[in-house]
1. Treat each spin label as a single point 7 Å out from the Cα along the C-beta direction, and report the A:Ala33 to A:Glu189 distance in nm.
2. Ordered shortest first, which distances in nm separate the 7 Å Cα→C-beta label point of B:Ala79 from those of the other copies?
3. Which ³J(HN,Hα) values in Hz, rounded to whole numbers, follow from the phi angles of the stretch A:43-57 under the Karplus curve 6.51 cos²θ - 1.76 cosθ + 1.60, where θ = phi - 60° and Gly and Pro get x?
4. Among the listed pairs A:Lys213/B:Lys162; A:Lys152/B:Lys218; B:Lys115/B:Lys152, which are separated by more than 18 Å between their Cα atoms?
5. Please name whichever of B:Phe99, A:Gln347, A:Ile57 sits farthest to the positive end of the charge dipole of the protein assembly as shown, dipole taken about the Cα centre and charges placed at Cβ: Lys and Arg +1, Asp and Glu -1.
6. Residues of the stretch B:244-278 with accessible area at least 30 Å² lower in the all-protein-chain context than alone (1.4 Å probe)?
7. Distances longer than 26 Å among the Cα atoms of chain B: what percent of all pairs is that?
8. Which value in nm describes the separation of the simple spin-label points at A:Ile55 and B:Tyr87, placed 7 Å from the Cα toward the beta carbon?
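The values are calculated or read from the model by the stated rules, or taken from the named source; none is laboratory data. These figures come from a predicted structure and were not determined experimentally. Positions of Cβ are generated from backbone atoms using ideal geometry, with glycine treated the same way; all protein chains shown enter the neighbour counts. The accessibility values were calculated without ligands, DNA or RNA, using every heavy atom of the protein model including side chains. Shrake-Rupley method; radii C 1.70, N 1.55, O 1.52, S 1.80 Å.
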Number of protein chains: 2
Amino acid sequence: MPENAPTPAIRDVRMRGFSHRATVATALAWLDAHTELLASEPVALADSVGRVLVIDIVSDFDVPTFSRSMMDGFAVQAADTLGAAPYNRLPLRIVGEVFPGAAIDTQVQSGEAVKIMTGAPIPSGADAVLPAEKVDIEEDRVLALGDVSPGKHIGLPGEDIKVGTTVLSAGRRLRPQDVGVLSSIGVAEVAARRKPRVRIVVTGNELLPPGSKPEGCKIVDANSPMLAGLVERDGGIAINPGIVSDNPDAILEALRDDADVILVSGGSSVGQEDHAPALVAQHGELGIHGVAMRPSSPAGMGVLDGRLVFLLPGNPVSCLCAYDFFAGRAIRSLGGRRADWPYQTQQLPLRRKLVSTVGRLDYARVQVIDNEIEPLAISGASILSSTTRADGFVLIPEDSEGYAGGTNVTVYLYDS
Amino acid sequence: MPENAPTPAIRDVRMRGFSHRATVATALAWLDAHTELLASEPVALADSVGRVLVIDIVSDFDVPTFSRSMMDGFAVQAADTLGAAPYNRLPLRIVGEVFPGAAIDTQVQSGEAVKIMTGAPIPSGADAVLPAEKVDIEEDRVLALGDVSPGKHIGLPGEDIKVGTTVLSAGRRLRPQDVGVLSSIGVAEVAARRKPRVRIVVTGNELLPPGSKPEGCKIVDANSPMLAGLVERDGGIAINPGIVSDNPDAILEALRDDADVILVSGGSSVGQEDHAPALVAQHGELGIHGVAMRPSSPAGMGVLDGRLVFLLPGNPVSCLCAYDFFAGRAIRSLGGRRADWPYQTQQLPLRRKLVSTVGRLDYARVQVIDNEIEPLAISGASILSSTTRADGFVLIPEDSEGYAGGTNVTVYLYDS
């Protein structure tokens, strides 16, 4: 049933109407109550950027583990440089050289210096580094041109990270630099939240598979490639084996696929060809069917064999909108990400009024032009190209008749 | 040479100092002048989310290609419903049924109706759809309870997309819904900007490969896993075969790897072990070496055999910063993405003053606490954990001594 139909009077062509539509808030509350974090899995460090930590990570090491030079220069005993100045050059005998990664046995005594590079370990006996620009060099000795205090230009063990420090906490979505830090403390793999496996079930005898040319009275499936992209964006693994026949057996088999989440696109309303809602109700729990929103009012969700099932309308804009409101949120939450939308927002004035109807939430596609919001004139939920022309969307809540021109509203931007 | 050293007086341990440091603006200008878009490659539609279009895409088809019903109901001649009302039910003979995807030959004559589902093609002869809720059904006939005007509830060919329309323009980074639209117009693959291949060259005899435990006077390489994550974030393909020996032959071979961009981490300054700058200068063009910024002042960039080479300091924070200022920008640009940072920004007040030095740009790591910016107290560029404790960073331009507490400044947020 098209979602802009008036209150239905059910007859032959319809199994039943939406006698009641849940509010978006009710639907979200049902959803959140049925969404649990997935288990942990080991992930190699090199693959862990963007993954979510299941447990705190505590360092087993000081980083660095040793005292190192922070300058190119000479490792010395600071006391030997006392009083050194360009007019009072103090000589030190060069007794060795130390490079990063290669310790030396040489013990630095009073009156001695070891040539040292940045990052190299401080030789025993030395307590400071005299920088290269504070010396003159004469064959096997240096002449100190200035003094250094004890500890100067030495990086101490644990200066970056101390052993026992909680480096990153459970729930953290790993940034590139986090993975660098984990590498530095000797982590080879992390316990990460498993990525939700999301089976896409697209039904409709009018559909041709993606990659086909439109032909006759058939249209090419737009929803499954779109949904696959959305699922990957939200940290899921999309499983998209192709169009499913419009019959209850085929659909039930797909609903029982090995996955954490099932997205059904098409056949999700209350028409005679809409099998999925009845199947979910019969074999599981149809928690929500019909939501007071536009587009996407025929959206639904339930649980079958422990999997979350989302009934997404076949109209592509409705499909996108219902995904974004419900399925995407669940997929992000299952995988340990923040439930909120991944869209950036801006507060901008409306160029003209944006009307809605009290009692339903509206998802209005808009353009942003010269830092103002221009609502798109759109005839219906079948116009997917509206979401490519749009820069984003504005929500008009259930209790609002819309906004006057000039009102500052929040726009959610598709480009994130 | 450590980047916080004073103006160098060059002697034995140093080959030469940074007699001159380029401003960040000069370095960016050099970089942009040496960054060209990569060529096109074919990409299957299913893999195209996030890819950048090389050419405009014009639809070869109307979408839909046929007239379709927007409601469940009956396809009729609108004139037959004139005057119909609940108290004036007008009978129409049911002569067939049409489902989505299956055209029928039946020609609808005056006085006839064809049962039709949403999305099914309108049978010839019919010019409107009488919705299910506007009829009573009696065996082989329907009784119209209301009238419909010609064209009512019919979606016309091209209503979503008209043949010849430019659906998406060159330069577009494809969103999930864009890929849906492309599927609907029969696109099976797109001409996308090739992804930059980025060879990561990490040098340093003090380094152990990622996955090792820190040991003795060695540290574990933090930069290559961090850089790989950054490269992938920016749309590149990271090539990270492992640590390269600190010798000129090995480094030159790596600089000539099959890649579009070379990132050298470590050995990029002016010390005696810093081979990469000399190699780039000798075999190519060392465009910039030394930048008036902190951290990352020893950063450099050049061109060798047509590849962009970035000299990133080995200190991990400097490495991150130099990547973000220069390498990341080039990688995004080569692949056709926007050059700007992928970080979200906010304007927030500083909790306390943030000081800098005139003549260099400062990259200050900060936390965001209760919608205020708290600068992190950090001792140096070797403290990578500062970038995991930080929520983002604030820039202090060359001509500024810093900001007073309470000033509203832009914070760039690491979590995007």
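1. Here the answer is 3.9 nm between the modelled labels.
2. 11.7
3. In residue order, the calculated couplings are 10, 4, 3, 5, 9, 9, 4, x, 7, 10, 5, 8, 10, 4, 10 Hz.
4. Check vs 18 Å cut-off fails for A:Lys152/B:Lys218.
5. The one lying farthest along the dipole's positive direction is A:Gln347.
6. B:Gln272, B:Glu273
7. Values: 56529 of 86320 pairs.
For chain B, the share of Cα pairs beyond 26 Å comes to 65 percent.
8. Roughly 7.8 nm, to one decimal.
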